[in-house]
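**Student:** I'd like to ask some things about the structure below.
The values are calculated or read from the model by the stated rules, or taken from the named source; none is laboratory data. From a predicted model like this one, the values you see are computed outputs, not experimental measurements. Please note: Cβ atoms are built from the backbone with ideal geometry, for glycine as well, and neighbour counts cover all protein chains shown. For the accessible areas, the whole protein counts, side chains as well, though only heavy atoms, and no ligand, DNA or RNA atoms are used. Shrake-Rupley method; radii C 1.70, N 1.55, O 1.52, S 1.80 Å.
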Amino acid sequence: MTDGVLLRSTRAVYPGSFDPPTYGHLDVIERAARCFGELIVAVVVNPQKRNPMFSLEEREEMLRACVAHIHNVRVLHFRGLLADFVKEQKADVIVKGLRVVSDFESEMSTALMNRSLSDVDTMFLMSDQRYSFVSSSIVKEVFFLGGDVATLVPEPVLRVMTTKRATIRALS
Ligand code: PNS
């Protein structure tokens, strides 16, 4: 399917912390870009769950390198409420990936809240089964303990992670 042919006039937002981006994220991005006319990958400035390991600049830079081959994808960032960003961007839909059934529980309340705040619906794509166990947190843990994550993150991400690990080790 050519990029964006399904809903050509639709602008979608795919939000996340992307700390760091994984092949699971990239798979959702590639598939969403085939469905929607335009896809904005929206990097949250301050993730709620924890302090990010990678700066906003690093996260945006890694994502831009990963999506350079997809013509209808832009990488932006946002602060505050996703619902406000979606309205500001005049987006029609929010896209999220679902890896396992337990993801659905939290995503359902978030989707309902975002719809009540912005009147914008969330559409879910099932993650590819190859990536159903892949999360940014698990990738970071394995990598910083010396494990091989080359099959889990795109090459530009692996490069930035390797530099970060060397910096952290030099400082400790
Ligand atoms: O990759 P993540 O950490 O699962 O992404 C979570 C994210 C950024 C999508 C979510 O935390 C978010 O939307 N944050 C913005 C703040 C917000 O709108 N909170 C209310 C959601 S109901």
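**Student:** Using only Cα atoms, what is the ratio of the radius of gyration of region 4-104 to 2.2 N^0.38 Å?
**Tutor:** So region 4-104 has a normalised radius of gyration of 1.02.
**Student:** How much mean residue ellipticity at 222 nm does the chain get from its helices, if each DSSP H run of length 4 or more adds -39500 (n - 2.57) and you divide by all residues, to the nearest 500 deg cm²/dmol?
**Tutor:** Calculated from helices alone, the mean residue ellipticity at 222 nm is -14000 deg cm²/dmol.
**Student:** Oh, and also: With the cut-off at 29 Å, report for region 2-171 the share of all Cα pairs above it, as a whole percent.
**Tutor:** Percentage above 29 Å: 16.
**Student:** For the chain, set up a Gaussian network in which alpha carbons nearer than 10 Å are linked by springs, and say which option among P47, P154, P21 fluctuates the most.
**Tutor:** Looking only at P47, P154, P21, the biggest GNM fluctuation is shown by P47.
**Student:** Let me ask something additional. Towards the positive end of the charge dipole of the chain, with charges on Cβ (+1 Lys, Arg; -1 Asp, Glu), say which of S118, V73, A12 has the farthest Cα.
**Tutor:** V73
**Student:** If you don't mind, there's one more thing I want to ask. In the chain, carbon and sulfur make up what percent of the accessible area (probe 1.4 Å)?
**Tutor:** Reported share for carbon and sulfur atoms: 54 percent.
**Student:** To the nearest 10 square angstrom, how much accessible area does K90 have with a 1.4 angstrom probe?
**Tutor:** 150
**Student:** Which angle from 0 to 90°, rounded to the nearest 10, does the C-alpha axis of helix 101-118 make with the longest principal axis of the chain?
**Tutor:** Result, in degrees: 50.
**Student:** Relative to the longest principal axis of the chain, what angle (0 to 90°, nearest 10) does the C-alpha long axis of helix 56-67 take?
**Tutor:** 70
**Student:** So the label point goes 7 Å from the Cα of F104 along Cα→C-beta, right? Which residues of region 126-149 then have their backbone N under 15 Å from it?
**Tutor:** The answer is 126-127, whose backbone nitrogens lie closer than 15 Å to the label point.
**Student:** Hey, what's the chain come to in accessible area per residue, 1.4 Å probe, Å²?
**Tutor:** 54
**Student:** Mind counting lysine pairs for me in region 2-171? Cα separation below 29 Å, and the two need to be 8 or more apart along the chain or on different chains.
**Tutor:** Eligible lysine pairs with Cα atoms under 29 Å apart amount to 9.
**Student:** Students sometimes get this wrong: rank I29, I168 by accessible area, probe 1.4 Å, all chains present, largest first.
**Tutor:** I168, I29
**Student:** Could you work out the relative contact order of the chain, using alpha carbon pairs under 8 angstrom and six or more residues apart, expressed as a whole percent?
**Tutor:** Averaging sequence separation for qualifying contacts and normalising by length gives 27 percent for the chain.
**Student:** At a probe size of 1.4 Å, how large is the accessible area of H69, to the nearest 10 Å²?
**Tutor:** The accessible area of H69 comes to roughly 120 Å².
**Student:** How large is ³J(HN,Hα), in whole Hz, for each residue of region 21-30 in order, when computed from phi with the Karplus curve 6.51 cos²θ - 1.76 cosθ + 1.60 and θ = phi - 60°, using x for Gly and Pro?
**Tutor:** Values, residue by residue: x, 10, 5, x, 4, 4, 4, 5, 4, 4 Hz.
**Student:** Give the distance, in whole Å, between the Cα centre of region 1-58 and the Cα centre of region 119-168.
**Tutor:** 14
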